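First the structure, in the form of structure tokens, and then the observations on it.
Bear in mind these aren't lab numbers, they're just calculated from the coordinates by the rules spelled out. Every value quoted in this text rests on a predicted model; they were computed, and no experiment measured them. Ideal geometry is used to build each Cβ from the backbone, glycine not excepted, and the neighbour counts take in all protein chains shown.
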Amino acid sequence: MKWNVGSSYPVIRDDDVLNIPIPILDKKTQQQIADLVQSSFALRRESERLLETAKRAVEVAIEVGEEKAINVLS
């Protein structure tokens, strides 16, 4: 299948969209995917929190000293 391409941007016809195969997954697989997505969101939030904590600790270490920065990490 070749996509219809316009001069400045690609154009996808309605028929092309209607003919895209959509897999039907069993409930167990759907739940596994949902669990992994939720876990990835939780891990991303945790990594953002840890990054902010580390940035704050570096700022404190520069401004006040390492001992105070260590307290920020606790």
Requested in this report: Identify all residues within region 20-36 that are exposed (fewer than 10 other Cβ atoms within 10 Å of the Cβ) and among the β-branched types (Val, Ile, Thr); write none if there are none.
Outcome: Ile20, Ile22, Ile24
Query raised in the report: Looking only at region 13-72, which residues are part of a loop (DSSP other than H, G, I, E, B) and of a type in the set (Val, Ile, Thr)?
Result: Ile20, Ile22, Ile24, Val64
